[in-house]
Amino acid sequence: MITGYSFGKICIDGTWYDRDLKITSAGVVLPGWWRASGHVCTREDVQDLLRDEPDILVLGQGKPGFMRADPELRRFLEGCGIVLVEQPTAQALESFNSFHSRKKVAAGFHLTC
């Protein structure tokens, strides 16, 4: 469960992280996430999360919401029946928490811009 967020920091299950990270649908935190194209999230950037076939992929776009899913990633997820939720990180973590207990959800969180 995500319990805190401020620009550049996120708290998950009592542990604070200060780098972008991913969370698998099994709840494993993968810290130190960086996308090959910076503010564009591609299929390759989340391939490890997709292996578990989540129902939902939440992308936290950063505080002001600069990070975006690549159009090819959007098409791929749609074709697989995976719901994509893209929101500024503060809202995305709320969405993640609300889905977490009911659905198989994975996430990637950009913590700064």
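Computed from the coordinates by the stated procedures, all read-outs in this text should not be read as laboratory data. Treat the numbers as computed from the prediction; the structure is a model and nothing was measured. A quick note on method: Cβ atoms are made from the backbone with ideal geometry, for glycine too, and the neighbour counts reach across all protein chains shown.
Quick check on LEU73: is it closer than 20 Å to SER101 by Cβ, touching a residue at least 12 places away in the same chain (Cβ under 8 Å) and in contact with a Lys or Arg (Cβ under 7 Å, 6 or more places away or on another chain)? Lay out the reasoning, then the answer.
Numbers: closer than 20 Å to SER101 by Cβ: no; touching a residue at least 12 places away in the same chain (Cβ under 8 Å): yes; in contact with a Lys or Arg (Cβ under 7 Å, 6 or more places away or on another chain): yes.
The answer is no for LEU73.
Restricted to the range 90-102, and to residues there that are free of Cβ contacts under 8 Å to residues at least 40 places away in the same chain and under 12 Å from the mean Cα position of the chain (by Cα), the residue that is surrounded by the most Cβ atoms within 10 Å (Cβ to Cβ) is ALA92. Any residue at all in the range 12-21 that is touching a residue at least 60 places away in the same chain (Cβ under 8 Å), under 13 Å from VAL105 (Cα atoms) and not polar (S, T, N, Q)? There is no residue in the range 12-21 that is touching a residue at least 60 places away in the same chain (Cβ under 8 Å), under 13 Å from VAL105 (Cα atoms) and not polar (S, T, N, Q). Residues of the range 13-31 include at least one that is surrounded by 14 or more Cβ atoms within 10 Å (Cβ to Cβ), of a type in the set (D, E, K, R) and within 12 Å of the chain's Cα centre (by Cα). Scanning the range 28-47 for residues that are out of contact with any Asp or Glu (no Cβ under 7 Å at 6 or more places or on another chain) and either under 17 Å from GLY65 (Cα atoms) or touching a residue at least 60 places away in the same chain (Cβ under 8 Å) (or both) turns up SER37, GLY38, HIS39, ASP45, VAL46.
Quick grid of which residues meet (1) in contact with a strand residue (DSSP E or B) (Cβ under 7 Å, 6 or more places away or on another chain); (2) among the β-branched types (Val, Ile, Thr); (3) surrounded by 15 or more Cβ atoms within 10 Å (Cβ to Cβ):
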position: LEU49; (1), (2), (3): yes, no, yes
position: GLY60; (1), (2), (3): yes, no, yes
position: PHE76; (1), (2), (3): no, no, yes
position: VAL85; (1), (2), (3): yes, yes, yes
position: PRO88; (1), (2), (3): yes, no, yes
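Filtered by the rule that a residue be touching a Lys or Arg at 6+ places or on another chain (Cβ under 9 Å) and closer than 21 Å to CYS11 by Cα, the range 76-113 gives GLU86, PRO88, THR89, ALA90, ALA106, ALA107, GLY108, PHE109, HIS110, LEU111, THR112, CYS113.
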